[in-house]
1. Looking at (1) under 11 Å from the mean Cα position of the chain (by Cα); (2) over 20 Å from Tyr96 (Cα atoms), can you tell me which one Ile4 breaks?
2. Being open to solvent by 50 Å² or more (accessible area, probe 1.4 Å), touching a residue at least 40 places away in the same chain (Cβ under 8 Å) and not aromatic (Phe, Trp, Tyr) is the filter here, so list the residues in region 55-80 that pass it.
3. Looking at Val18, Val32, Val94, Val40 in this structure, which one is open to solvent by 20 Å² or more (accessible area, probe 1.4 Å) and at negative phi?
4. Can you tell me how many residues within region 15-41 are within 21 Å of Glu66 (Cα to Cα) and outside any strand (DSSP E or B)?
5. Exactly one condition in (1) under 26 Å from Met1 (Cα atoms); (2) touching a Ser or Thr at 6+ places or on another chain (Cβ under 8 Å) is false for Ser64; which is it?
Amino acid sequence: MKNILITGGTGFIGQALVKKLLIQNNNITMIVLENELYKVPKNNKVKTIICSLDEIDKYYEILSKEKYDIIYHLAWSGVSTEYKNNYSIQFKNVDYAYKIMELSSILKCKKVIATGSVSEYS
């Protein structure tokens with residue numbers, strides 16, 4: 001059993017990952033937006049922290065009370081075609097990834113897994 005922290009656990013990939021991690025009997029802490037709570041599985045092995053990645057640094061102290069074996073960073077803004085070329089939105093995603101890496105250092109979590117994709121430019 002592992003303790004896992006996950007961002008983007010309510011997305012397409014995230015939901016499948018969370019389901020698999022629960023089958024493997026892991027403890028999961030999900031960072032979610034309030035309007036995504038309905039997608040969080042009802043399971044005593046799942047805890048939620050409701051916040052935007054814009055404010056994740058405000059939760060570093062709370063998160064540091066746990067020891068995490070793995071952080072999965074799946075959250076990403078602006079994935080639809082209309083936002084892919086929006087510099088300010090995509091730059092925020094880079095900042096979110098930086099904050100997660102900073103958090104992993106604070107938590108002394110040695111494994112961070114992040115998803116990504118190659119995106120076309122129009």
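The values are calculated or read from the model by the stated rules, or taken from the named source; none is laboratory data. Just so it is clear, the model here is predicted, and its values are computed rather than measured. A quick note on method: Cβ atoms are made from the backbone with ideal geometry, for glycine too, and the neighbour counts reach across all protein chains shown. Protein only, heavy atoms only, side chains kept; ligands, DNA and RNA dropped before computing areas. Shrake-Rupley method; radii C 1.70, N 1.55, O 1.52, S 1.80 Å.
1. Unmet condition: (2).
2. Correct list: Asp57, Ser64, Glu66, Lys67, Asp69.
3. Val94
4. Number satisfying all stated conditions: 10.
5. Tallying (1) under 26 Å from Met1 (Cα atoms); (2) touching a Ser or Thr at 6+ places or on another chain (Cβ under 8 Å), Ser64 fails exactly one: (2).
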